[in-house]
Each structure stands twice: as structure tokens, then as C-alpha cells.
Amino acid sequence: MRLAELSERSGVSTATIKYYLREGLLPPGRQVNATTAEYEEEHLRRLRLVRALIQVGRIPVATAKEVLGHVDDESLGRTMRLGAALWALPQPPEPAEDDAAVTAARREVDRLLAEVRWDSVRELGDLSPVHRSLVTTVATLIRLGYDWNAEELVPYARLMREVAARDLDFLETHESDAEKAEMAVAAAVLFEPVLRALHRLAQEEESARRYGIV
């Protein structure tokens, strides 16, 4: 397809597409002549992802470029490719090392990971920004006096393991590693709010079942 058709099908203006091309967010099309290029379905798919990152996720262009660089990095194995792309997304502040609540949170998170036998995650530890985020969040709970220790968190972790298995089952329906990485990033931006909403709706439904509507 030509640029005009790509613009029409994606809903992105030709000027914006040209900007994404200049910034390296979108791979170049196949040159037909000096002034014309042809674009494929993969360009349309990538445009959807770029829109999700920048327009929905409000992620800076430089960060989006870093994320997409990991998505396209064929030198990485599948797990590292997915992880690197997701880790490049904006993360919460780093936990303060001299905070007693952080020390306690690290202990509880480590106990949690040991209990559910998430050994690879446990080995990565603070190399993973997601691990650091969990430590920071648990530290905040501890600091505010909420007793969410490892025992309280284990049932949630086990439920989320089932969600993760469903996520990966869905990724496996896509052929290439690049598509899998793209979908993982898109889900982190677009689908996690769906999970939060479903969680709250489930709470409303369970509350009504237990206590009645009024």
C-alpha cells in the first residue's frame, strides 16, 4: 500500500507517519522510486502499537523508540526480548535503600517468590524493574500500616500466574517473535486497565452476592 492508504487505514495523518519514519518508530517502506515507497501490513500493525504507546500511554517518543528497539532486536531470545521491551516502559520510582520499610518489603517479596516458586524471577531480583516496583509498593503498604505480608500476597500471585499463562497462550497465536513482543507491549499499555476494571467489577459482584445490593 502507498502512504495515503496507510494513513487512511491507520487513522494516522501522513505528516505524523513521516515523523514516525524520521524518528525510527516505523521501519522504512520498500522504495518503488525516488519519491514513492510501498508499505505492508506490518507497518499498519506497528502504527497501531506506536499510537498505543504515545497517544494512549503518553509515553515520550524517545522511550517509545527504546521499547520498539527491543521489540525488533532479533539477537535476543524470546524471553529476554519480551522482558527488555516491557522493562523499557516507564517504571515507578526506585525503592530507597536506607528505608526500613523497603528492607521489610524486600523480605516479604522474597518470601512470596519462594513460596510460589517463581525461581527465575527471584534470581533476577532488582535487575527487574517490575520486581523493584513490587518492593516499592509493598514498602508503601508497610509504611502506612497495612499488613500485606507474603502470606496475604501468595493467593493473589497464584491467581496472576493463571492470568500470565493466558497471556502467553494468546501471544502464541502470533507467528513471529516480533509480533509476540509487540502484543506484549500493547497489552501492557491497553489491556492492563481492562484487568483492573474487571477486578473492580468482580469486587462489586462479590459484594452484592455476599451482602446484597442495598
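The values are calculated or read from the model by the stated rules, or taken from the named source; none is laboratory data. Everything numeric in this text was worked out from a predicted model, so none of it was measured. Don't worry about glycine lacking a Cβ; one is built from the backbone with ideal geometry, like all the others, and counts go over all protein chains shown. These accessible areas exclude ligands, DNA and RNA; they are computed on the full protein's heavy atoms, side chains included. Shrake-Rupley method; radii C 1.70, N 1.55, O 1.52, S 1.80 Å.
Examine the stretch 96-114 for a residue that is more than 21 Å from L153 (Cα to Cα) and either buried (at least 18 other Cβ atoms within 10 Å of the Cβ) or in contact with a Gly (Cβ under 7 Å, 6 or more places away or on another chain) (or both), and state whether such a residue exists.
At the first step, the residues of the stretch 96-114 found to be more than 21 Å from L153 (Cα to Cα) are 96-99.
When the remaining residues are screened for being either buried (at least 18 other Cβ atoms within 10 Å of the Cβ) or in contact with a Gly (Cβ under 7 Å, 6 or more places away or on another chain) (or both), the result is none.
Within the stretch 96-114 (the criterion being more than 21 Å from L153 (Cα to Cα) and either buried (at least 18 other Cβ atoms within 10 Å of the Cβ) or in contact with a Gly (Cβ under 7 Å, 6 or more places away or on another chain) (or both)), the answer is no, since none of the residues qualifies.
The helices (runs of 4 or more DSSP H) found entirely in the stretch 100-214 that carry 3 or more residues being touching a helix residue (DSSP H, G or I) at 6+ places or on another chain (Cβ under 6 Å) are 100-116, 129-143, 150-171, 177-186. Of the residues making up the stretch 179-214, those that are more than 14 Å from A52 (Cα to Cα), of a type in the set (D, E) and free of Cβ contacts under 8 Å to residues at least 60 places away in the same chain are E204, E205, E206.
Beta carbons closer than 6 Å, at least 6 apart along the sequence or on distinct chains, never pair a first residue in the stretch 53-82 that is closer than 22 Å to S120 by Cα with a second that is among the hydroxyl-bearing types (S, T, Y) and part of a loop (DSSP other than H, G, I, E, B). For the structure I just gave you, tell me whether E182 is of a type outside the set (V, I, T) and under 30 Å from R46 (Cα atoms). For E182, the condition - of a type outside the set (V, I, T) and under 30 Å from R46 (Cα atoms) - is met. In the stretch 12-29, the qualifying residues are those that are touching a residue at least 12 places away in the same chain (Cβ under 8 Å) and small (G, A, S), and the one that is surrounded by the most Cβ atoms within 10 Å (Cβ to Cβ) is G29. Scanning the stretch 184-200 for residues that are among the aliphatic types (A, V, I, L, M), over 25 Å from H70 (Cβ atoms) and open to solvent by 60 Å² or more (accessible area, probe 1.4 Å) yields a count of 1. Sub-6 Å Cβ pairs linking a first residue in the stretch 30-41 that is open to solvent by 100 Å² or more (accessible area, probe 1.4 Å) to a second residue that is among the charged types (D, E, K, R) and at pLDDT 85 or above, at least 6 apart or interchain, are R30/E38, ordered by first then second residue. Residues in the stretch 1-26 that are in a helix (DSSP H, G or I), in contact with a helix residue (DSSP H, G or I) (Cβ under 8 Å, 6 or more places away or on another chain) and not basic (K, R): 9 in all.
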